[in-house]
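**Q** Let me begin by handing over the structure; questions about it come next.
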Amino acid sequence: HIADIMETLAPLYRRHLSSNLLTHMRNKHMEPTESRPLIQHPDPVAHAEIVLEGTLPQYLDGIWTHRHLQVTSSFTVESRDSKQVFEGGWECKTELVLSGCHICTSTQEHRELVDDMCRHIKGKPGGKLACWNCPTAFPVFIQQPYSAPVCLAAASYQEQTRWANILRAATQHQSSALWCEDSPESRAFLDAVSSLKKLRGNCQTEVYPMGSGEEVLVSMVMEEVMPYLKEQVFPRIIIRHSRKRKAWIGLLSQVYRTAKHQVKAAMAALKEDLLLYRSDVEKLISAELQQASLLQDRIAHTITEDMCEPMLQSLLHKVIPSLDRTLQEVATPTCEAFASIWQYFLETCDGIIDLGSTGTSVKDIKKEALTPLSGLRPDDARMWQCLDRLELSSEGRTWLQDSWGVHSGTWRPLVLKAQNALYKVVDMCALMFWRLVARYPCFSFDSSQLTAVLCRVKERVIKQLDTELLALRSQFILEMILQITLPAFTRAVGEQDLSRYYAMVNSEHALFIHPDTIFHSILRDNLSSYIQSG
């Protein structure tokens, strides 16, 4: 099954990588000269610093043991046996994959997640899962889509909240990995997976890729084999009804582990092959870049002229009637979330100025005055209150599903991506504040002078924050609206005969100029232009 998927995926991946490389190389030659918001610049290579660690009881692989858990600044989550750590065995670890996970702190909420996972089992669910026998009153449950649950037993409410928030941040970061990468490879992979789903006839609108490339493919394999497991394999397992739920989770976990191992090996081979392929394609594009760009533009212009009327009719009859309400449902929570983040950061800056005006000694001023910046972390409860406001309202989700025929999974990766980017903006501006203050060799002046310095720093940082938030908010709202409306817009335009456009492509450019890709880009660009014009 996996070999069949990889055999189909490989040529699709190469095809989409070729066209994405052409776009990437064209954009490099037309890079804007004006300064861009910092959020649009590539991330520097981050050091794997530890943001949270601790030894606590953990339910993993079916048993409760004391384990040492670490979360790094890149949101890698590593679990180790506490005895082995004590004896220096740091290399023996289990890395927790959190893409697509649910993090909760209530046994009742976790029961509901498990019940949803086992909906096909007839009759009243019976039996308790061992993870519900938490040795403390403060559990943190990690429910993975196709694996057995993991549970941490925190010692206090504060520790429970901190671990839950950090793990939510790690889930958000890992789930949106491909969407945040924004490289020719990541875009090509997402395009290839979309094409693969259409070819295999299982392109479900509610299932969008989350996680790394390997995790996306494993999820796709699990989606495809799920009906077979439910209808053919599981009914043959003879077991007491009270143990069926546990047996089903065990079966899923075993199939998931096997699929993950096979996909990992297949993806490693594919990536190695694509390194050589990319190098060859880049050389071909470089040699033909000017001619290829002219041809691509000519095909795009011809398609745009030919499709003007169908696109206009699609806008008039399918998009415009529902667009205002759609914008309202997306923009309202988005603006509230961004405003709350701005207010929180402003209050933090004011707190720093207040500390600086209380006559703090010269020796400790940098350390003490900047203490509030450390609160702007992924384990901070108020930070998550702000980020959670990006979630659409229940009424809004229902209306969007009814109006556009899309499931909440359609925009879920974008919400995670926006939360990740919003936290990144806050972290970046907090670092900017600290660095600006750190430029001063010492504070050998009175509190009024210090307050004036901190006020100037605040003014500069808030100005940068405004620029970042404005760019990010506009980008997020546009991406959300496109994700919701583009499928209906494309269906209304309908399938088109593209043979005349393929005839315009000569053999030298056929590897990286694909009229079907240009056609769908034109649909997206025209819809995007109309949305932005409103």
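**Q** Among the residues of the stretch 407-421, count how many are more than 12 Å from the chain's Cα centre (by Cα) and open to solvent by less than 10 Å² (accessible area, probe 1.4 Å).
**A** 1
**Q** Here is a further query. Just one of the numbered conditions (1) buried (at least 16 other Cβ atoms within 10 Å of the Cβ); (2) of a type in the set (Gly, Ala, Ser); (3) part of a helix (DSSP H, G or I) is not true of Ser242; which one?
**A** Only one criterion is unmet by Ser242, namely (1).
**Q** Working only within the stretch 16-53, note down all residues that are at pLDDT 85 or above, assigned to a helix (DSSP H, G or I) and either open to solvent by less than 70 Å² (accessible area, probe 1.4 Å) or in contact with a strand residue (DSSP E or B) (Cβ under 8 Å, 6 or more places away or on another chain) (or both).
**A** Across the stretch 16-53, the qualifying residues are His16, Leu17, Ser18, Ser19, Asn20, Leu21, Leu22, Thr23, His24, Met25, Arg26.
**Q** Does the stretch 494-526 hold any residues that are small (Gly, Ala, Ser) and within 35 Å of the chain's Cα centre (by Cα), and which are they?
**A** Narrowing the stretch 494-526 to residues small (Gly, Ala, Ser): 494, 499, 503, 507, 510, 521.
Passing the criteria: Gly494, Ala510, Ser521.
**Q** Any residue in the stretch 107-132 that is of a type in the set (D, E, K, R) sitting within a Cβ distance under 8 Å of a residue that is surrounded by 12 or more Cβ atoms within 10 Å (Cβ to Cβ)? List the pairs, counting only those 6 or more apart or interchain.
**A** Sorted first by the residue in the stretch 107-132, then by its partner, the pairs are Glu109/Phe141; Arg111/Trp132; Asp115/Pro125.
**Q** Which residue is modelled with the lowest pLDDT, if the candidates are limited to the stretch 338-365 and must be over 18 Å from Met428 (Cα atoms), open to solvent by 60 Å² or more (accessible area, probe 1.4 Å) and part of a helix (DSSP H, G or I)?
**A** Leu355
**Q** Next question. Of the conditions (1) free of Cβ contacts under 8 Å to residues at least 24 places away in the same chain; (2) within 27 Å of the chain's Cα centre (by Cα); (3) farther than 27 Å from Glu214 by Cβ, Pro139 fails just one. Which one is it?
**A** Unmet for Pro139, out of (1) free of Cβ contacts under 8 Å to residues at least 24 places away in the same chain; (2) within 27 Å of the chain's Cα centre (by Cα); (3) farther than 27 Å from Glu214 by Cβ: (1).
**Q** Considering (1) under 25 Å from Leu60 (Cβ atoms); (2) under 17 Å from the mean Cα position of the chain (by Cα); (3) at pLDDT 90 or above, say which one Phe189 fails and leave the rest.
**A** Single failed check for Phe189: (1).
**Q** So which residues in the stretch 54-113 are crowded, with 18+ Cβ neighbours inside 10 Å, hydroxyl-bearing (Ser, Thr, Tyr) and more than 18 Å from Thr136 (Cβ to Cβ), if there are any at all?
**A** Ser99, the sole residue that qualifies.
**Q** Show the residue pairs that are 6+ apart or on different chains and have beta-carbon atoms under 8 Å apart, the first residue being within the stretch 259-282 and of a type in the set (A, V, I, L, M, F, W, C), the second being loosely packed, with under 13 Cβ neighbours inside 10 Å.
**A** Ala266/Ala3
**Q** Between residues in the stretch 503-525 that are farther than 23 Å from Glu479 by Cβ and residues that are in a helix (DSSP H, G or I) and of a type in the set (Phe, Trp, Tyr), which pairs lie under 8 Å by C-beta distance while being six or more apart or on different chains?
**A** Pro515/Tyr501; Pro515/Tyr502
**Q** If you don't mind, there's one more thing I want to ask. Just wondering, is there one or more residues in the stretch 232-248 that are touching a residue at least 40 places away in the same chain (Cβ under 8 Å) and under 26 Å from the mean Cα position of the chain (by Cα)?
**A** No, there is no match, as no residue in the stretch 232-248 is touching a residue at least 40 places away in the same chain (Cβ under 8 Å) and under 26 Å from the mean Cα position of the chain (by Cα).
The values are calculated or read from the model by the stated rules, or taken from the named source; none is laboratory data. Keep in mind that this is a model prediction, so the values were computed, not measured. Please note: Cβ atoms are built from the backbone with ideal geometry, for glycine as well, and neighbour counts cover all protein chains shown. Each accessible area value is taken on the protein alone, full model and side chains, heavy atoms only, with ligands, DNA and RNA left out. Shrake-Rupley method; radii C 1.70, N 1.55, O 1.52, S 1.80 Å.
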